[in-house]
Amino acid sequence: MGRGTIFALGTGGTLSRKGVWVIVSVTAVTAVLAFVGGVWLDAVSYLGGSPLAKILDPEPWDLMAYNLATNPDFVKGYAGDFLMALLFGALGCFFTLRSLFAATKKD
């Protein structure tokens, strides 16, 4: 049973090209949220304390927003990490997504 067949079973029928683009979008948003979560954990580590205790605390979010808005070194420092995460995420998803696109009909 191929990957396209497994995803089609999950959708209750056949896969469409539009559905595969939804899967691609969800995957991309998840990767960005995971990266933002990693940056947030770095902010919590810098501030000290438990990540669980800081979930609703605005201090790490304020620190991230301040650095994004005013500190170009902050953005440059994470740019390489973000590109590497994007590259390896794309490599990890490539063959699955390629087989999904191959198994679809054009809408």
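Principal axis extents for the stretch 12-58, Cα atoms only, whole Å, descending order, please.
50, 17, 13
Give the dimensionless ratio obtained when the Cα radius of gyration of the stretch 3-102 is divided by 2.2 N^0.38 Å. Spell out each step's value before the answer.
Numbers: Rg = 18.0 Å, N = 100, 2.2 N^0.38 = 12.7 Å.
Taking the Cα Rg and dividing by 2.2 N^0.38 Å, one obtains 1.42.
Under the definition of Cα pairs under 8 Å and six or more residues apart, what whole-number percent is the relative contact order of the stretch 22-107? Spell out each step's value before the answer.
Details: 24 pairs, mean separation 22.2, N = 86.
Over the stretch 22-107, the number comes to 26 percent.
Place a point 7 Å from the Cα of Phe35 along the Cα-to-Cβ direction; which residues of the stretch 72-103 have their backbone N under 13 Å from it?
Backbone N within reach: 75-91.
Every read-out reported here was derived from the displayed coordinates using simple, explicitly stated rules and does not represent laboratory data. Predicted model only: the values in this text are computed from it and were never measured. So basically every Cβ, Gly included, is an ideal-geometry build from the backbone, and we count neighbours across all protein chains shown.
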